[in-house]
Amino acid sequence: MALRHRVAVKIVANAPMRVLADPLIERVIVGSGFDAADDWIAERAGAATIVVTTDILLADRCVKAGATVLAPTGKPFDAASIGNAVATRALVADLRAMGEISGGPRPFAKTDRSRFLSALDEAIQRLRRRTR
């Protein structure tokens, strides 16, 4: 999607990983400190940034910085929804700690991919219109 739109992409991690070889794709390796990748992303997030993450606390930081934030399922995080997401995350963490629930999210499905690609396309188009 990003290559089709000719949008620069940064893949941020604390360990080397394989990424598609393309001048628009940059692999950023950060230190191994706690939340080093999250800190790098949040410090650079802004109104012209699209952040893709499943990390609710990172999403919260990026929304507050003015970025467009999407989950890999296409679910948007914005000022109206991030508070509920943070509260739900805390509740689920407490329930897991008490042994009340186990397991994780449902498996990634084709519909998630489709929803994500649609949401990403919309986000790119919205940012382009805003910068014209």
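The values are calculated or read from the model by the stated rules, or taken from the named source; none is laboratory data. Keep in mind that what you see is a predicted model, and the values were worked out from it rather than measured. When we count neighbours, we look across all protein chains shown, and the Cβ atoms used for this are built from the backbone with ideal geometry, even at glycine. Protein only, heavy atoms only, side chains kept; ligands, DNA and RNA dropped before computing areas. Shrake-Rupley method; radii C 1.70, N 1.55, O 1.52, S 1.80 Å.
Between ILE29 and ARG126, the contour length at 0.36 nm per residue exceeds the Cα-Cα span by 32.0 nm.
Close amide H pairs (under 5 Å, H built 1.01 Å from N) link LYS10 with GLU26, residues at least 5 positions away or on another chain.
Measuring nothing but protein heavy atoms, the accessible surface of segment 2-132 at 1.4 Å probe radius is 56 percent carbon and sulfur.
So, in nm, how far is label SER114 from label ALA90 when the simple model puts each one 7 Å beyond its Cα toward the Cβ? Taking the two extended label points, one gets 3.7 nm.
Taking 7 Å steps out from each Cα toward its Cβ at ARG6 and LEU20 produces label points 1.6 nm apart. The residues neighbouring SER102, those whose beta-carbon lies less than 15 Å from its own, together hold a net charge of 0 under the Lys/Arg +1, Asp/Glu -1 convention.
Taking a sphere under 12 Å around the Cβ of ALA2 and counting the other residues whose Cβ falls inside, with K and R at +1 and D and E at -1, yields a net charge of 0. Taking Cα centre as origin and charging only the Cβ of basic (Lys, Arg, +1) and acidic (Asp, Glu, -1) residues, the dipole magnitude of the chain rounds to 700 debye.
As a length-normalised measure over Cα pairs under 8 Å and 6 or more apart, the relative contact order of the chain settles at 18 percent. Can you find, among THR54, MET98, GLN125, the residue sitting farthest towards the positive end of the charge dipole of segment 13-132, where Lys and Arg contribute +1 and Asp and Glu -1 at Cβ? Result: GLN125. 3J(HN,Hα) along segment 117-122, derived from phi through the Karplus expression 6.51 cos²θ - 1.76 cosθ + 1.60 where θ = phi - 60°, amounts to 4, 5, 5, 5, 4, 4 Hz, with x in place of Gly and Pro.
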